[in-house]
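I have a structure here, written as C-alpha coordinates, and I will follow up with some questions on it.
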Amino acid sequence: MESLRELYKIGRGPSSSHTMGPARAAHEFAASYPQATSFRVTLYGSLALTGKGHLTDVAVTEALPRPVEVLFDPEKKELPHPNTLDFEAKEGDLVIGRQRYLSIGGGTILKEGEKRQAAETIYPFRNFDEILTYCREHNCAPEQVVYDFEDGGIYDFLREVYASMTATVKRGLAASGKLPGSLGVERKAKTLFETIPEEEEPAAREKRLVCAFAFATSEENASGGTIVTAPTCGASGVLPAVLHYLGGKYGFSERRIVAALATAGLVGVTVKQNASVSGAEAGCQAEVGTATSMAAAAVCRLFNASLVETEYAAEIALEHQLGLTCDPVGGYVQIPCIERNAVAALRALASADLARVLSGTRKISFDTVVRTMYETGKDLSARYRETSEGGLALSYKGCT
Ligand code: SF4
(Lines give C-alpha, C1' and ligand atoms only; values in the text may rest on other atoms or scores of the structure.)
Protein backbone atom coordinates (compact mmCIF):
# COMPACT_ATOMS: atom_id res chain seq x y z
CA MET A 1 0.00 0.00 0.00
CA GLU A 2 1.18 3.46 -0.77
CA SER A 3 1.96 6.36 1.54
CA LEU A 4 -0.72 8.59 2.99
CA ARG A 5 1.21 11.37 1.29
CA GLU A 6 -0.06 9.95 -2.01
CA LEU A 7 -3.63 9.96 -0.73
CA TYR A 8 -3.88 13.37 0.90
CA LYS A 9 -2.66 15.92 -1.60
CA ILE A 10 -3.02 19.62 -1.00
CA GLY A 11 -3.71 21.27 -4.30
CA ARG A 12 -6.20 23.05 -6.47
CA GLY A 13 -9.54 21.62 -7.57
CA PRO A 14 -11.80 20.80 -9.19
CA SER A 15 -10.64 17.28 -10.02
CA SER A 16 -7.75 15.14 -8.85
CA SER A 17 -7.88 12.90 -11.91
CA HIS A 18 -8.71 15.66 -14.40
CA THR A 19 -6.62 18.59 -13.14
CA MET A 20 -4.11 17.55 -10.46
CA GLY A 21 -2.97 14.35 -12.23
CA PRO A 22 -2.63 15.89 -15.70
CA ALA A 23 -0.83 18.93 -14.24
CA ARG A 24 1.62 16.64 -12.46
CA ALA A 25 2.19 14.68 -15.65
CA ALA A 26 2.76 17.93 -17.54
CA HIS A 27 5.40 19.09 -15.04
CA GLU A 28 7.16 15.74 -15.19
CA PHE A 29 7.12 15.59 -18.99
CA ALA A 30 8.28 19.19 -19.43
CA ALA A 31 11.26 18.57 -17.14
CA SER A 32 12.53 15.93 -19.59
CA TYR A 33 12.46 18.35 -22.55
CA PRO A 34 13.83 21.72 -21.44
CA GLN A 35 14.75 22.48 -25.07
CA ALA A 36 11.14 22.13 -26.29
CA THR A 37 9.65 25.20 -27.95
CA SER A 38 6.04 23.98 -27.79
CA PHE A 39 3.91 21.06 -26.62
CA ARG A 40 0.89 19.16 -27.84
CA VAL A 41 -1.39 17.32 -25.42
CA THR A 42 -4.12 14.91 -26.54
CA LEU A 43 -6.84 13.96 -24.07
CA TYR A 44 -8.74 10.67 -24.39
CA GLY A 45 -11.64 8.89 -22.73
CA SER A 46 -13.14 10.64 -19.75
CA LEU A 47 -10.53 13.41 -19.98
CA ALA A 48 -11.80 14.18 -23.48
CA LEU A 49 -15.47 13.93 -22.54
CA THR A 50 -15.46 15.98 -19.33
CA GLY A 51 -12.08 17.71 -19.53
CA LYS A 52 -13.63 21.04 -20.52
CA GLY A 53 -15.89 21.23 -17.49
CA HIS A 54 -13.17 19.85 -15.24
CA LEU A 55 -10.64 22.41 -16.60
CA THR A 56 -8.12 19.77 -17.78
CA ASP A 57 -7.04 21.93 -20.71
CA VAL A 58 -6.42 24.86 -18.36
CA ALA A 59 -4.45 22.66 -15.94
CA VAL A 60 -2.04 21.29 -18.56
CA THR A 61 -1.65 24.64 -20.28
CA GLU A 62 -0.73 26.34 -17.01
CA ALA A 63 1.66 23.52 -16.07
CA LEU A 64 3.68 23.53 -19.31
CA PRO A 65 6.29 26.26 -19.77
CA ARG A 66 5.85 26.83 -23.54
CA PRO A 67 2.85 27.26 -25.87
CA VAL A 68 0.49 24.31 -25.78
CA GLU A 69 -2.00 22.85 -28.25
CA VAL A 70 -4.65 20.78 -26.45
CA LEU A 71 -6.66 18.26 -28.48
CA PHE A 72 -9.76 16.38 -27.28
CA ASP A 73 -10.24 12.90 -28.77
CA PRO A 74 -13.35 11.27 -27.29
CA GLU A 75 -13.55 8.65 -30.08
CA LYS A 76 -10.43 6.62 -29.37
CA LYS A 77 -11.19 3.23 -27.81
CA GLU A 78 -8.94 0.53 -26.34
CA LEU A 79 -7.23 2.84 -23.92
CA PRO A 80 -5.08 1.54 -21.05
CA HIS A 81 -7.15 3.66 -18.64
CA PRO A 82 -10.26 5.87 -18.97
CA ASN A 83 -8.07 8.88 -18.13
CA THR A 84 -5.31 8.65 -20.72
CA LEU A 85 -3.36 11.55 -22.20
CA ASP A 86 -0.47 11.85 -24.63
CA PHE A 87 2.22 14.51 -24.44
CA GLU A 88 4.42 15.54 -27.31
CA ALA A 89 7.36 17.93 -27.05
CA LYS A 90 8.30 19.86 -30.18
CA GLU A 91 11.28 21.88 -31.31
CA GLY A 92 9.94 23.97 -34.13
CA ASP A 93 7.93 21.48 -36.24
CA LEU A 94 9.94 18.49 -35.10
CA VAL A 95 8.50 16.17 -32.45
CA ILE A 96 11.42 15.45 -30.11
CA GLY A 97 9.64 13.40 -27.47
CA ARG A 98 6.41 11.60 -26.65
CA GLN A 99 4.97 10.06 -23.54
CA ARG A 100 1.62 8.59 -22.66
CA TYR A 101 0.37 9.06 -19.09
CA LEU A 102 -2.56 7.60 -17.16
CA SER A 103 -4.23 9.70 -14.47
CA ILE A 104 -5.46 6.91 -12.24
CA GLY A 105 -7.30 8.91 -9.57
CA GLY A 106 -6.51 10.97 -6.49
CA GLY A 107 -3.90 12.94 -8.46
CA THR A 108 -1.72 9.85 -8.97
CA ILE A 109 -0.17 9.37 -12.40
CA LEU A 110 1.60 6.54 -14.19
CA LYS A 111 3.55 6.44 -17.41
CA GLU A 112 2.10 3.87 -19.78
CA GLY A 113 3.45 0.45 -18.91
CA GLU A 114 4.64 1.53 -15.49
CA LYS A 115 3.65 -0.74 -12.62
CA ARG A 116 2.21 1.18 -9.74
CA GLN A 117 2.87 -1.21 -6.95
CA ALA A 118 6.62 -1.69 -6.98
CA ALA A 119 7.85 1.86 -6.50
CA GLU A 120 5.34 3.17 -4.03
CA THR A 121 4.72 0.46 -1.47
CA ILE A 122 5.05 1.74 2.09
CA TYR A 123 2.82 -0.64 4.00
CA PRO A 124 3.37 -4.43 3.77
CA PHE A 125 -0.35 -5.15 3.88
CA ARG A 126 -2.61 -6.48 1.18
CA ASN A 127 -5.90 -5.44 2.73
CA PHE A 128 -7.60 -3.90 5.74
CA ASP A 129 -7.81 -7.18 7.56
CA GLU A 130 -4.00 -7.39 7.61
CA ILE A 131 -3.83 -3.87 9.03
CA LEU A 132 -6.18 -4.88 11.82
CA THR A 133 -4.15 -8.04 12.48
CA TYR A 134 -1.03 -5.88 12.85
CA CYS A 135 -2.88 -3.67 15.35
CA ARG A 136 -3.95 -6.69 17.37
CA GLU A 137 -0.50 -8.27 17.33
CA HIS A 138 1.15 -5.02 18.42
CA ASN A 139 -1.71 -3.98 20.66
CA CYS A 140 -1.86 -0.60 19.00
CA ALA A 141 -4.37 1.84 17.51
CA PRO A 142 -4.52 2.32 13.71
CA GLU A 143 -2.51 5.55 13.74
CA GLN A 144 0.44 3.66 15.22
CA VAL A 145 0.57 1.63 12.00
CA VAL A 146 1.05 4.91 10.16
CA TYR A 147 3.77 6.09 12.54
CA ASP A 148 5.53 2.71 12.30
CA PHE A 149 5.74 2.59 8.51
CA GLU A 150 5.77 6.17 7.24
CA ASP A 151 8.73 8.54 7.56
CA GLY A 152 9.30 10.65 10.67
CA GLY A 153 7.59 13.68 9.16
CA ILE A 154 4.19 12.06 8.78
CA TYR A 155 2.72 13.58 11.95
CA ASP A 156 3.56 17.09 10.81
CA PHE A 157 2.30 16.28 7.34
CA LEU A 158 -1.09 15.21 8.73
CA ARG A 159 -1.21 18.34 10.88
CA GLU A 160 -0.66 20.38 7.77
CA VAL A 161 -3.43 18.44 6.02
CA TYR A 162 -5.87 19.28 8.79
CA ALA A 163 -4.83 22.92 8.84
CA SER A 164 -5.44 23.10 5.11
CA MET A 165 -8.84 21.42 5.42
CA THR A 166 -9.86 23.87 8.12
CA ALA A 167 -8.69 26.87 6.11
CA THR A 168 -10.70 25.66 3.11
CA VAL A 169 -13.88 25.28 5.17
CA LYS A 170 -13.46 28.83 6.49
CA ARG A 171 -12.84 30.29 3.04
CA GLY A 172 -15.85 28.45 1.66
CA LEU A 173 -18.12 29.69 4.44
CA ALA A 174 -17.10 33.28 3.78
CA ALA A 175 -17.56 33.16 0.00
CA SER A 176 -20.67 33.97 -1.99
CA GLY A 177 -21.77 34.35 -5.60
CA LYS A 178 -21.87 31.94 -8.52
CA LEU A 179 -19.48 29.08 -9.18
CA PRO A 180 -17.55 29.12 -12.47
CA GLY A 181 -19.12 27.56 -15.55
CA SER A 182 -22.31 27.71 -17.52
CA LEU A 183 -24.65 26.09 -14.96
CA GLY A 184 -24.98 29.26 -12.89
CA VAL A 185 -24.80 27.33 -9.61
CA GLU A 186 -24.89 29.63 -6.57
CA ARG A 187 -22.65 28.99 -3.60
CA LYS A 188 -24.76 27.87 -0.64
CA ALA A 189 -22.38 27.17 2.24
CA LYS A 190 -22.62 30.68 3.71
CA THR A 191 -26.43 30.64 3.59
CA LEU A 192 -26.60 27.17 5.12
CA PHE A 193 -24.29 28.31 7.90
CA GLU A 194 -25.89 31.65 8.63
CA THR A 195 -29.56 30.77 8.43
CA ILE A 196 -29.94 28.04 11.01
CA PRO A 197 -33.05 29.06 12.96
CA GLU A 198 -32.49 29.47 16.69
CA GLU A 199 -35.59 27.45 17.46
CA GLU A 200 -34.37 24.46 15.43
CA GLU A 201 -33.89 21.15 17.28
CA PRO A 202 -30.22 20.69 18.33
CA ALA A 203 -29.88 17.57 16.17
CA ALA A 204 -31.23 19.41 13.12
CA ARG A 205 -28.93 22.37 13.76
CA GLU A 206 -25.93 20.09 13.91
CA LYS A 207 -26.83 18.34 10.69
CA ARG A 208 -27.08 21.73 9.05
CA LEU A 209 -23.61 22.62 10.32
CA VAL A 210 -22.11 19.43 8.88
CA CYS A 211 -23.75 20.18 5.53
CA ALA A 212 -22.52 23.78 5.56
CA PHE A 213 -18.93 22.61 6.13
CA ALA A 214 -19.16 20.04 3.33
CA PHE A 215 -20.65 22.60 0.93
CA ALA A 216 -17.90 25.04 1.89
CA THR A 217 -15.11 22.68 0.85
CA SER A 218 -16.85 21.31 -2.23
CA GLU A 219 -17.67 24.81 -3.46
CA GLU A 220 -14.07 25.84 -3.00
CA ASN A 221 -13.11 22.78 -5.02
CA ALA A 222 -15.59 23.59 -7.78
CA SER A 223 -14.14 27.07 -8.06
CA GLY A 224 -10.56 25.82 -8.41
CA GLY A 225 -9.62 26.69 -4.82
CA THR A 226 -7.12 24.82 -2.64
CA ILE A 227 -8.42 21.60 -1.13
CA VAL A 228 -7.05 18.29 0.15
CA THR A 229 -7.84 15.16 -1.84
CA ALA A 230 -9.65 12.79 0.51
CA PRO A 231 -9.45 10.64 -1.49
CA THR A 232 -10.15 12.90 -4.51
CA CYS A 233 -11.03 16.50 -5.25
CA GLY A 234 -14.63 15.67 -6.11
CA ALA A 235 -15.07 13.93 -2.76
CA SER A 236 -12.92 16.37 -0.79
CA GLY A 237 -15.81 17.82 1.25
CA VAL A 238 -16.77 14.77 3.29
CA LEU A 239 -13.87 14.19 5.68
CA PRO A 240 -13.21 17.90 6.47
CA ALA A 241 -16.91 18.44 7.22
CA VAL A 242 -16.96 15.68 9.78
CA LEU A 243 -13.62 16.60 11.36
CA HIS A 244 -14.40 20.32 11.47
CA TYR A 245 -17.80 19.69 12.99
CA LEU A 246 -16.67 17.20 15.66
CA GLY A 247 -13.42 19.08 16.30
CA GLY A 248 -15.38 22.26 16.97
CA LYS A 249 -18.02 20.58 19.07
CA TYR A 250 -15.81 18.46 21.31
CA GLY A 251 -12.50 20.33 21.16
CA PHE A 252 -10.47 17.24 20.33
CA SER A 253 -6.71 17.58 20.75
CA GLU A 254 -4.48 17.92 17.72
CA ARG A 255 -3.06 14.46 18.43
CA ARG A 256 -6.54 12.94 18.31
CA ILE A 257 -7.44 14.70 15.07
CA VAL A 258 -4.20 13.50 13.50
CA ALA A 259 -4.98 9.96 14.69
CA ALA A 260 -8.38 10.22 13.00
CA LEU A 261 -6.79 11.43 9.77
CA ALA A 262 -4.29 8.57 9.93
CA THR A 263 -7.06 6.03 10.46
CA ALA A 264 -9.10 7.47 7.60
CA GLY A 265 -5.95 7.38 5.49
CA LEU A 266 -5.50 3.64 6.03
CA VAL A 267 -9.03 3.13 4.77
CA GLY A 268 -8.29 5.25 1.71
CA VAL A 269 -5.04 3.51 0.78
CA THR A 270 -6.73 0.14 1.20
CA VAL A 271 -9.31 1.12 -1.41
CA LYS A 272 -6.62 2.51 -3.71
CA GLN A 273 -4.68 -0.74 -3.42
CA ASN A 274 -7.56 -3.15 -3.96
CA ALA A 275 -10.04 -1.18 -6.04
CA SER A 276 -10.02 2.39 -7.25
CA VAL A 277 -10.81 5.91 -6.09
CA SER A 278 -11.38 7.12 -9.61
CA GLY A 279 -14.89 8.04 -10.74
CA ALA A 280 -13.80 7.41 -14.32
CA GLU A 281 -12.83 3.88 -13.42
CA ALA A 282 -15.51 2.80 -10.93
CA GLY A 283 -18.14 5.54 -10.62
CA CYS A 284 -18.88 7.83 -7.70
CA GLN A 285 -18.98 4.90 -5.27
CA ALA A 286 -15.18 4.93 -5.65
CA GLU A 287 -14.92 8.63 -4.84
CA VAL A 288 -17.68 9.71 -2.48
CA GLY A 289 -18.20 6.12 -1.29
CA THR A 290 -14.56 5.87 -0.24
CA ALA A 291 -14.62 9.34 1.29
CA THR A 292 -17.60 8.31 3.40
CA SER A 293 -15.78 5.21 4.63
CA MET A 294 -12.74 7.28 5.49
CA ALA A 295 -14.85 9.77 7.41
CA ALA A 296 -16.77 7.05 9.25
CA ALA A 297 -13.49 5.46 10.36
CA ALA A 298 -12.22 8.88 11.45
CA VAL A 299 -15.30 9.41 13.60
CA CYS A 300 -14.72 6.04 15.23
CA ARG A 301 -11.12 6.93 16.01
CA LEU A 302 -12.12 10.28 17.49
CA PHE A 303 -14.40 8.48 19.93
CA ASN A 304 -11.95 5.66 20.72
CA ALA A 305 -14.12 3.02 19.08
CA SER A 306 -12.75 -0.52 18.85
CA LEU A 307 -11.03 -1.88 15.72
CA VAL A 308 -14.08 -3.98 14.90
CA GLU A 309 -16.36 -0.96 15.19
CA THR A 310 -14.03 1.12 13.06
CA GLU A 311 -13.90 -1.47 10.31
CA TYR A 312 -17.65 -1.97 10.47
CA ALA A 313 -18.32 1.77 10.19
CA ALA A 314 -16.14 1.97 7.08
CA GLU A 315 -17.94 -1.05 5.66
CA ILE A 316 -21.44 0.32 6.27
CA ALA A 317 -20.49 3.64 4.72
CA LEU A 318 -19.34 2.04 1.46
CA GLU A 319 -21.83 -0.81 1.27
CA HIS A 320 -24.79 1.50 0.95
CA GLN A 321 -23.23 3.48 -1.85
CA LEU A 322 -22.47 0.48 -4.05
CA GLY A 323 -23.48 1.28 -7.58
CA LEU A 324 -23.36 5.05 -7.10
CA THR A 325 -22.84 6.51 -10.53
CA CYS A 326 -20.70 9.41 -11.66
CA ASP A 327 -22.69 11.72 -13.91
CA PRO A 328 -21.51 15.29 -13.39
CA VAL A 329 -23.82 17.69 -15.20
CA GLY A 330 -22.01 19.55 -17.96
CA GLY A 331 -18.74 17.94 -16.83
CA TYR A 332 -18.55 20.34 -13.87
CA VAL A 333 -17.83 19.02 -10.39
CA GLN A 334 -20.96 20.73 -9.09
CA ILE A 335 -24.21 18.82 -9.72
CA PRO A 336 -24.59 16.32 -8.09
CA CYS A 337 -21.14 16.44 -6.53
CA ILE A 338 -21.41 19.28 -3.99
CA GLU A 339 -24.69 18.23 -2.41
CA ARG A 340 -23.56 14.61 -2.51
CA ASN A 341 -20.58 15.44 -0.30
CA ALA A 342 -22.91 16.94 2.30
CA VAL A 343 -25.23 13.93 2.31
CA ALA A 344 -22.20 11.64 2.53
CA ALA A 345 -20.84 13.50 5.55
CA LEU A 346 -24.15 12.89 7.35
CA ARG A 347 -24.00 9.26 6.26
CA ALA A 348 -20.49 8.90 7.71
CA LEU A 349 -21.74 10.04 11.11
CA ALA A 350 -24.73 7.68 10.89
CA SER A 351 -22.50 4.76 9.84
CA ALA A 352 -20.18 5.29 12.80
CA ASP A 353 -23.16 5.48 15.12
CA LEU A 354 -24.71 2.27 13.78
CA ALA A 355 -21.40 0.43 13.90
CA ARG A 356 -20.92 1.20 17.56
CA VAL A 357 -24.26 -0.38 18.38
CA LEU A 358 -24.31 -3.29 15.94
CA SER A 359 -20.72 -4.39 15.40
CA GLY A 360 -21.31 -7.69 17.22
CA THR A 361 -23.74 -8.78 14.51
CA ARG A 362 -21.90 -7.86 11.33
CA LYS A 363 -21.53 -10.35 8.48
CA ILE A 364 -19.62 -8.42 5.80
CA SER A 365 -16.01 -7.28 6.05
CA PHE A 366 -14.68 -3.99 4.72
CA ASP A 367 -12.38 -5.87 2.34
CA THR A 368 -15.37 -7.73 0.89
CA VAL A 369 -17.21 -4.51 0.23
CA VAL A 370 -14.12 -2.94 -1.37
CA ARG A 371 -13.83 -5.88 -3.78
CA THR A 372 -17.54 -5.69 -4.51
CA MET A 373 -17.31 -1.97 -5.16
CA TYR A 374 -14.57 -2.50 -7.72
CA GLU A 375 -16.42 -5.33 -9.48
CA THR A 376 -19.59 -3.23 -9.52
CA GLY A 377 -17.62 -0.30 -10.91
CA LYS A 378 -16.22 -2.38 -13.72
CA ASP A 379 -19.73 -3.57 -14.58
CA LEU A 380 -21.08 -0.02 -14.69
CA SER A 381 -21.69 1.25 -18.17
CA ALA A 382 -19.07 3.77 -19.21
CA ARG A 383 -21.89 6.30 -19.36
CA TYR A 384 -21.85 6.34 -15.56
CA ARG A 385 -18.11 6.68 -15.14
CA GLU A 386 -17.31 10.36 -15.44
CA THR A 387 -18.16 10.75 -19.09
CA SER A 388 -21.23 12.96 -18.61
CA GLU A 389 -22.98 10.78 -21.20
CA GLY A 390 -25.61 9.29 -18.89
CA GLY A 391 -27.65 9.79 -15.75
CA LEU A 392 -28.24 13.32 -14.52
CA ALA A 393 -25.77 14.70 -17.02
CA LEU A 394 -28.04 13.46 -19.79
CA SER A 395 -31.39 14.17 -18.16
CA TYR A 396 -30.58 17.67 -16.96
CA LYS A 397 -32.20 20.27 -19.11
CA GLY A 398 -31.97 23.15 -16.69
CA CYS A 399 -34.48 24.18 -14.04
CA THR A 400 -37.03 26.93 -14.16
S1 SF4 B 1 -20.34 12.49 -9.45
FE2 SF4 B 1 -18.92 11.81 -7.84
S3 SF4 B 1 -17.22 10.82 -8.93
FE4 SF4 B 1 -18.37 12.05 -10.43
S5 SF4 B 1 -17.29 14.02 -10.54
FE6 SF4 B 1 -18.95 14.21 -9.01
S7 SF4 B 1 -18.00 13.69 -7.02
FE8 SF4 B 1 -16.60 12.97 -8.64
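Does S223 satisfy the criteria of being hydroxyl-bearing (S, T, Y), near the ligand (Cβ under 10 Å from one of its atoms) and touching a residue at least 40 places away in the same chain (Cβ under 8 Å)?
Working: hydroxyl-bearing (S, T, Y): yes; near the ligand (Cβ under 10 Å from one of its atoms): no; touching a residue at least 40 places away in the same chain (Cβ under 8 Å): yes.
The answer is no for S223.
Quick one: is Y374 over 20 Å from A214 (Cβ atoms) and touching a strand residue (DSSP E or B) at 6+ places or on another chain (Cβ under 7 Å)?
Considered against the rule, which asks whether it is over 20 Å from A214 (Cβ atoms) and touching a strand residue (DSSP E or B) at 6+ places or on another chain (Cβ under 7 Å), Y374 comes out as no.
With respect to N341, is the statement that it is surrounded by 24 or more Cβ atoms within 10 Å (Cβ to Cβ) and either assigned by TED's automatic domain parsing to the domain that holds I131 or touching a His at 6+ places or on another chain (Cβ under 9 Å) (or both) true? Break it down stepwise before answering.
Details: surrounded by 24 or more Cβ atoms within 10 Å (Cβ to Cβ): yes; either assigned by TED's automatic domain parsing to the domain that holds I131 or touching a His at 6+ places or on another chain (Cβ under 9 Å) (or both): yes.
So N341 fits the description; yes.
Still on this structure, please answer the following. Grab the strands (runs of 3 or more DSSP E) fully contained in segment 1-74, keeping just those with 3 or more residues being out of contact with any Gly (no Cβ under 7 Å at 6 or more places or on another chain) and touching a residue at least 40 places away in the same chain (Cβ under 8 Å). Before the answer, list the steps.
Details: elements: 10-12, 38-44, 68-73.
Passing ranges, in order: 38-44.
Give segment 305-342 a look and list any residue that's of a type in the set (A, V, I, L, M) and more than 23 Å from T270 (Cβ to Cβ), or say none. Break it down stepwise before answering.
Applying the first criterion (of a type in the set (A, V, I, L, M)) to segment 305-342 yields 305, 307-308, 313-314, 316-318, 322, 324, 329, 333, 335, 338, 342.
The answer is V329, V333, I335, I338, A342.
Taking T37 as the residue in question, decide whether it is loosely packed, with under 15 Cβ neighbours inside 10 Å and in the same structural domain as T290 (by TED's automatic domain parsing). Walk me through it before giving the result.
Numbers: loosely packed, with under 15 Cβ neighbours inside 10 Å: yes; in the same structural domain as T290 (by TED's automatic domain parsing): no.
For T37, the condition - loosely packed, with under 15 Cβ neighbours inside 10 Å and in the same structural domain as T290 (by TED's automatic domain parsing) - is not met.
Please find, among A275, A282, the residue that is more than 22 Å from S218 (Cα to Cα) and within 16 Å of the ligand (Cβ to nearest atom).
Details: A282 fails: more than 22 Å from S218 (Cα to Cα).
Every option except A275 fails the conditions.
Give the residues of segment 239-295 that are small (G, A, S), over 14 Å from the mean Cα position of the chain (by Cα) and not in a helix (DSSP H, G or I), sorted by residue number.
G251, S253
May I ask you to verify whether C300 is of a type outside the set (V, I, T), within 16 Å of the ligand (Cβ to nearest atom), under 30 Å from L173 (Cα atoms) and under 21 Å from the mean Cα position of the chain (by Cα)? Before the answer, list the steps.
Details: of a type outside the set (V, I, T): yes; within 16 Å of the ligand (Cβ to nearest atom): no; under 30 Å from L173 (Cα atoms): yes; under 21 Å from the mean Cα position of the chain (by Cα): yes.
It is false that C300 is of a type outside the set (V, I, T), within 16 Å of the ligand (Cβ to nearest atom), under 30 Å from L173 (Cα atoms) and under 21 Å from the mean Cα position of the chain (by Cα).
The values are calculated or read from the model by the stated rules, or taken from the named source; none is laboratory data. Keep in mind the model is a prediction, meaning the values are calculated, not measured. In this analysis, Cβ positions are derived from the backbone assuming ideal geometry, glycine residues included, and neighbour counts consider all displayed protein chains.
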